[in-house]
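The values are calculated or read from the model by the stated rules, or taken from the named source; none is laboratory data. Here the structure is a predicted model, which is why all the values come from computation and not from measurement. Neighbour counts are summed over all protein chains in view; Cβ atoms, including those assigned to glycine, are modelled from backbone coordinates with ideal geometry. Quick note on the areas: whole protein, heavy atoms, side chains included, nothing else; ligands and nucleic acids left out. Shrake-Rupley method; radii C 1.70, N 1.55, O 1.52, S 1.80 Å.
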Amino acid sequence: MDTSIQTDLETFRTETRAWLEENCPTSLRKPIKSAEDYFWGGRNPHYNSDDQKLWFERMRDRGWTAPTWPTQYGGGGLSTQENKVLLEEMAKLQCPTPLFSFGLSMLGPALLKFGNEEQKAQYLTEITHGKVWWCQGYSEPGAGSDLAGLQTRAEDQGDHFLVNGQKVWTSYADKSDMIFCLVRTNPDAKKHTGISFMLIDMKSEGVSTRPIKLISGKSVFCETFFDNVKVPKENLVGELNAGWSIAKYLLTHERSMIGGIGDVRNEKPLFQRAVEALGLENGRLSDPVLRTDIARWMIDQEGLMWTIERTTDESKAGQPIGAKSSFFKYYYTEQNKLKYELLMALEGMDALAWGEEYNDGKLARDFCRTKGNSIEGGTSEIQLNIISKRILGLPG
Ligand SMILES: Cc1cc2nc3c(=O)[nH]c(=O)nc-3n(C[C@H](O)[C@H](O)[C@H](O)COP(=O)(O)OP(=O)(O)OC[C@H]3O[C@@H](n4cnc5c(N)ncnc54)[C@H](O)[C@@H]3O)c2cc1C
């Protein structure tokens with residue numbers, strides 16, 4: 001790398017670290033236990049503490065809720081390298097992400113590429129300022145892996161669209177203000193070509209949600225119903241019936257996010273507790289089977305993290321991640337499942353405990369959550385299909 005860029009980055013690192021030290025409240029610098037620990041934004045924002053509000057506002061004012069987005073939309077205008085430095089320094093100090101939002105991770109990138117200027121100015125700024133809670137309306141009862149088979153219908157009524165249908169597994173629909181949605185606008189066209197990408201206000205007349213209760217007792221999923229919902233024409237993103245390209249582009253971002261792109265975590269301390277509990281013999285973990293499994297996992301993880309780093313560098317040099325996002329989505333989520341299998345095995349019976357003294361069952365809950373990891377954003381089987389077809393070029 002050019003030495004002047006290197007020096008600039010080192011200066012940026014020093015300044016960033018100092019700013020974070022000064023501005024991130026110490027009460028927030030601890031591991032995130034669950035999704036409820038995040039600030040999600042929205043029209044009726046809920047902060048878990050005054051410090052969380054302060055931290056969000058300070059990061060927002062610096063443009064660091066969306067560090068790489070253009071400053072005109074409230075982003076930070078950082079380069080990918082600067083963003084990586086920021087994430088590394090935040091991880092070192094355990095600074096939480098100031099805003100967790102599907103607007104940031106999914107809709108925003110799609111609007112930056114496909115939205116018109118009015119849509120970018122309005123929605124991107126609302127996202128960076130945490131003003132709107134977005135949810136994702138893709139899956140339907142008959143359209144999950146076969147997403148293009150979706151049936152929710154949007155009919156052109158002259159000055160608006162009339163939407164009817166049902167979505168399912170809509171995470172946080174009951175808390176969201178807006179939904180980015182795939183709808184069928186031409187039922188006569190081949191299935192991929194009759195789909196449009198639309199933004200719908202969840203407070204519109206005719207929108208309703210029904211939470212789906214999970215085995216954990218929580219309900220982040222909902223069924224979402226559209227019953228003669230009027231949607232303004234200006235809420236169509238991109239061309240009519242050309243929504244499939246937007247849907248796919250957004251999915252590459254969702255899969256990159258789930259697949260660990262931008263992740264700078266150091267996983268080594270994870271197994272430390274287990275090592276302490278099981279004890280060492282001649283400097284090695286006493287159980288040979290677990291020792292081998294952990295070593296194998298760590299080697300694979302190291303390889304994955306280097307591959308993520310290389311791909312991030314390639315994308316910085318102008319090579320889009322595209323179908324490679326499926327590789328990361330597949331491997332990262334399978335590794336994540338394996339990691340929790342190992343952690344559960346290491347903890348033995350204690351791993352199943354849910355009481356206060358067991359960190360409120362965090363390990364068991366996280367273990368259960370990893371199972372959904374390889375389903376959300378497209379299942380592992382679907383990612384393998386994409387990898388074989390679009391990366392390896394194998395016949396369909
Ligand atoms: C935690 C979580 C959060 C989610 N959040 C959202 C959300 O916010 N919004 C949203 O729209 N959706 C969301 N989903 C839904 C998710 O996108 C779907 O569950 C996923 O796409 C799979 O669809 P399905 O459940 O209908 O399973 P199906 O498509 O019915 O698949 C069932 C099984 O068949 C396999 N299968 C299907 N087709 C093939 C094939 N061609 N080749 C090989 N195997 C195949 C699958 O791999 C799977 O094992 C979420 C899911 C989870 C788990």
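Table for the structure above
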| quantity | calculated |
| --- | --- |
| Per-pair calculated FRET efficiency, R0 = 22 Å: Asp360 and Asn48 via Cβ, rounded to 0.05 | 0.90 |
| Two-decimal Rg to Rh for the chain - Kirkwood Rh, Cα set | 0.97 |
| For the stretch 259-391: Kirkwood Rh in Å [reciprocal of mean 1/r, alpha carbons] | 16.5 Å |
| Cα-centred dipole magnitude for the stretch 2-126, charges only on beta-carbon of K, R (+1) and D, E (-1), debye, nearest 20 | 340 debye |
| Environment charge at Phe102 (Cβ cut-off 12 Å; Lys +1, Arg +1, Asp -1, Glu -1) | -2 |
| Exceeding the 21 Å Cα-Cα cut-off - candidates Lys191/Lys248; Lys131/Lys248; Lys175/Lys213 | Lys131/Lys248 |
| The chain - mean residue ellipticity at 222 nm from DSSP helices (-39,500 (n - 2.57) per run, n ≥ 4, rounded to 500) | -12500 deg cm²/dmol |
| Charge dipole of the chain about the Cα centre (unit charges at C-beta), most positive-ward option of Val275, Gln157, Asn336 | Gln157 |
| Farthest positive-ward along the chain dipole, Cα basis, beta-carbon charges - from Ala242, Ala345, Phe180 | Ala242 |
| Among Thr71, Leu9, Gly41 the positive-end extreme of the charge dipole of the stretch 3-100 (Cβ point charges) | Gly41 |
| Hydrodynamic radius by Kirkwood, which averages 1/r over all alpha carbon pairs of the stretch 134-242, in angstrom | 13.9 Å |
| Helix runs (DSSP H) in the chain reaching 30 Å along axis by Cα, Kyte-Doolittle at least 0.5 | none |
| Where the chain is the region considered: accessible area per residue in Å², 1.4 Å probe | 51 Å² |
| Packing rank of 154-164, 168-178, where each peptide gets the mean count of other beta carbons within 10 Å, highest leading | 168-178, 154-164 |
| Cα centroid separation, the stretch 120-150 to the stretch 4-70 (Å) | 24 Å |
| Nearest-20 debye value, the chain charge dipole, Cβ charges on Lys, Arg, Asp, Glu | 620 debye |
| Contour excess over end-to-end distance, with Cα ends at Arg310 and Leu9 and 0.36 nm allotted per residue | 106.5 nm |
| Fraction of accessible area attributable to carbon and sulfur, the stretch 134-242 (%, probe 1.4 Å) | 49 percent |
| Hits among lysines - C-alpha to C-alpha of Lys339 under 23 Å, sequence gap 8 or more where chains match | Lys30, Lys33, Lys92, Lys268, Lys324, Lys329, Lys362, Lys371 |
